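As structure tokens, the structure follows; a few thoughts come after it.
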Amino acid sequence: MSDSTESLFRLIYASRMSRGTGPKDIEGILEASRRNNPSLGVTGALCYSVRGFVQCLEGDRKAVNDIFRRIVRDSRNEEVTLISYGPAPDRRFAEWTMAYVRADEVDQALLARHGAGREFDPYGLSADQALGLLEDTARERAAFLALQKDKLTVREE
Ligand SMILES: Cc1cc2nc3c(=O)[nH]c(=O)nc-3n(C[C@H](O)[C@H](O)[C@H](O)COP(=O)(O)O)c2cc1C
């Protein structure tokens, strides 16, 4: 996806999953993301853990704000806390309408690499740590999925 650099914005926030919200709701959230984000030109990554969500949204300023406003009002999460917001030189998740990362895939080595402590804590992350963790985990996951696909192809032959 291409943008003029002036119009590209990136927003990262942390939030808690509301009481009564569970893994099934995550499917609905991802469905909405995949339904809405492409036409809005928004890409990003969403990480979910028992401690909460961290999400990165990138795209046109208005589109990012519109989605963020919906999320703040969404009763499936609460205590929405901004980690960073501002113009960005490039997209970090250009190939993802919404990369989905489970926090248990964020391993100790990755946390250590980003100086993010021993346990994944959405509210303890700096902007650089949040972005780095989301990006590295999405990349590792893409490599893993590609590997699975290759294996399946081999099995089919
Ligand atoms: C943690 C979290 C992340 C979400 N991320 C997105 C998103 O990236 N894009 C989106 O359209 N909706 C997202 N939603 C859902 C929106 O709050 C809202 O339900 C949805 O945009 C409504 O879409 P619809 O009118 O097509 O049903 C998210 C919700 C939560 C709780």
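We did not get these values from a lab; they are worked out from the coordinates using the rules stated. Bear in mind the structure is a predicted one, so any value in this text is a computation, not a measurement. Note that we place each Cβ from the backbone using ideal geometry, even for glycine, and neighbour counts take in every protein chain shown.
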| query | If you put +1 on each Lys and Arg Cβ and -1 on each Asp and Glu Cβ, how big is the dipole of the chain around its Cα centre, in Debye rounded to 20? | reply | 400
| field | Largest to smallest principal axis extent of the C-alpha atoms in the chain, angstrom | value | 47, 36, 32
| Between the range 99-146 and the range 53-85, how many Å separate their Cα centres? | 19
| field | Ranked list, fewest to most other Cβ atoms within 10 Å of each Cβ, for R16, R92, R139 | value | R139, R16, R92
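What is the local net charge at Q108, summed over the other residues whose Cβ is closer than 10 Å to its Cβ (Lys, Arg +1; Asp, Glu -1)? Don't skip to the end; give the middle numbers.
Details: positive: R113, R118; negative: D107, E119.
Taking every other residue near Q108 into account, the sum is 0.
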| request: Go through L131, V42, S15 and say which Cα lies farthest out towards the positive end of the charge dipole of the chain; charges sit on Cβ, +1 for Lys and Arg, -1 for Asp and Glu. | output: S15
| Where both residues lie in the chain, what percent of DSSP beta bridges are antiparallel, nearest 5? | 85
| request: Report the residue, chosen from L133, L111, L46, that carries the largest GNM mean-square fluctuation when the chain is represented by alpha-carbon nodes joined by springs under 10 Å. | output: L111
| request: Would you be so kind as to identify which of V54, G28, P89 lies farthest towards the positive end of the dipole of the range 21-157, taking Lys and Arg as +1 and Asp and Glu as -1 on Cβ and the Cα centre as origin? | output: G28
